[in-house]
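K.L.:
Sharing a structure with you now.
The values are calculated or read from the model by the stated rules, or taken from the named source; none is laboratory data. What you are looking at is a predicted structure, and each value in this text was computed from that prediction instead of being measured. Cβ coordinates were reconstructed from backbone atoms using ideal geometry, including for glycine residues, and neighbour counts include every protein chain displayed.
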Amino acid sequence: MSEDIQLIVDGKRLDGRDFNELRPIKIEAGILKRADGSCYIEMGKNKVVAAVYGPREVHPRHLQDPSKAVVRYRYNMAPFSVEERKRPGPDRRSVEISKVSREAFEPVIMKELFPRSGIDIFVEVLQADAGTRTACINAATVALVDAGIPMKGLITSVAVAKADGVLVLDPMKEEDNYGEADVPFAFLIRNGKIESIALLQMDGRLSAEELKKATQMAKEGAMKIYELQREAIMKKYSSEEIEEQVI
Ligand code: ADP
């Protein structure tokens, strides 16, 4: 990370946003026929698809857990999702993102209801512009609800970065690359209230005071995303009702 380029000009960010402003977000639930649940999300220039399968039988069978469901999460970046072609297949970064994202979801999914079975979450990044892990988590949550997987709440994710010495919500590529810190968060939101932090990572440096402020900014951003996640789910369910009535 360096401070070669100016990220804040006249009190605004390079894309014109205020410090505490999210990128435009679009969420659509139930976009894939073959998955049990699915979601498409755009967070700024990020474009992500999530697909959920299960609860279903786990293969290979030795991975089954007789007391609860096994949750698997695979984060993948398409070769065409970044400027330079990304080498296909898993790498250290995608393995790490898959692990921390799975750990964010595991305590929320009611795994005890489905012994011996598996719940598979696939997230595919079609276009990347920083914050893909947060976009993927937001899409995965909606896809899990769409699949009818019982959960204790929703997981909502957003990052905060430090760019040119100020904290900015939902950093885009330039702020992520040239900023002084990048801190992705995910929260468990239950009954419209943030209950706990489900994921917290930090690349770079923040003071304790800055981390406290970043957490508050992320919480406020997450609540806005949560409303959009809920809207996408409600829209899917209400259109299904209409379809049923027509049939
Ligand atoms: P996140 O996407 O969650 O912010 P990172 O901080 O690791 O994760 O990555 C920031 C951004 O850097 C990505 O969103 C993407 O735009 C870019 N990036 C990541 N990996 C690659 C890669 N292998 N090739 C090119 N760009 C990449």
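K.L.:
Given the conditions (1) surrounded by 14 or more Cβ atoms within 10 Å (Cβ to Cβ); (2) at pLDDT 95 or above, and given that Lys236 satisfies all but one, which numbered condition is not satisfied?
P.N.:
Here Lys236 clears every test but (2).
K.L.:
Could you please let me know if Glu83 is in a loop (DSSP other than H, G, I, E, B) and free of Cβ contacts under 8 Å to residues at least 12 places away in the same chain? Give the steps one after another, and end with the answer.
P.N.:
Details: in a loop (DSSP other than H, G, I, E, B): yes; free of Cβ contacts under 8 Å to residues at least 12 places away in the same chain: yes.
Judged against the criteria, Glu83 is a match.
K.L.:
Give me the pairs, please: first residue somewhere in segment 86-115 and over 16 Å from Val145 (Cα atoms), second residue anywhere and part of a loop (DSSP other than H, G, I, E, B), beta-carbon distance under 6 Å, and either six or more positions apart or on two chains.
P.N.:
The qualifying pairs are Lys86/Pro79; Pro88/Pro79; Pro115/Pro66; Pro115/Ser67.
K.L.:
Against the definition (within 15 Å of the ligand (Cβ to nearest atom), in contact (Cβ under 8 Å) with a residue 40 or more places away in the chain and aromatic (Phe, Trp, Tyr)), how does Tyr53 come out, yes or no?
P.N.:
Working: within 15 Å of the ligand (Cβ to nearest atom): no; in contact (Cβ under 8 Å) with a residue 40 or more places away in the chain: yes; aromatic (Phe, Trp, Tyr): yes.
Against the criterion (within 15 Å of the ligand (Cβ to nearest atom), in contact (Cβ under 8 Å) with a residue 40 or more places away in the chain and aromatic (Phe, Trp, Tyr)), Tyr53 does not qualify.
K.L.:
Quick check on Asp146: is it within 13 Å of the ligand (Cβ to nearest atom), farther than 15 Å from Ala218 by Cβ and in contact (Cβ under 8 Å) with a residue 24 or more places away in the chain?
P.N.:
No, not satisfied.
K.L.:
Given the structure, is Thr141 of a type in the set (Ser, Thr, Tyr) and either within 11 Å of the ligand (Cβ to nearest atom) or farther than 19 Å from Asn76 by Cβ (or both)? Quick ask: steps written out before the conclusion?
P.N.:
Working: of a type in the set (Ser, Thr, Tyr): yes; either within 11 Å of the ligand (Cβ to nearest atom) or farther than 19 Å from Asn76 by Cβ (or both): no.
Criteria not met by Thr141.
K.L.:
So which of Gly153, Gly131, Gly118 ends up being near the ligand (Cβ under 9 Å from one of its atoms), small (Gly, Ala, Ser), touching a strand residue (DSSP E or B) at 6+ places or on another chain (Cβ under 6 Å) and modelled with pLDDT of 95 or more? Even if it seems obvious, please write down each step before you answer.
P.N.:
Values: Gly153 fails: near the ligand (Cβ under 9 Å from one of its atoms); Gly118 fails: near the ligand (Cβ under 9 Å from one of its atoms).
Residue meeting the stated conditions: Gly131.
K.L.:
Being surrounded by 24 or more Cβ atoms within 10 Å (Cβ to Cβ) and assigned to a loop (DSSP other than H, G, I, E, B) is the filter here, so list the residues in segment 120-139 that pass it.
P.N.:
Scanning segment 120-139 gives Ala130, Gly131.
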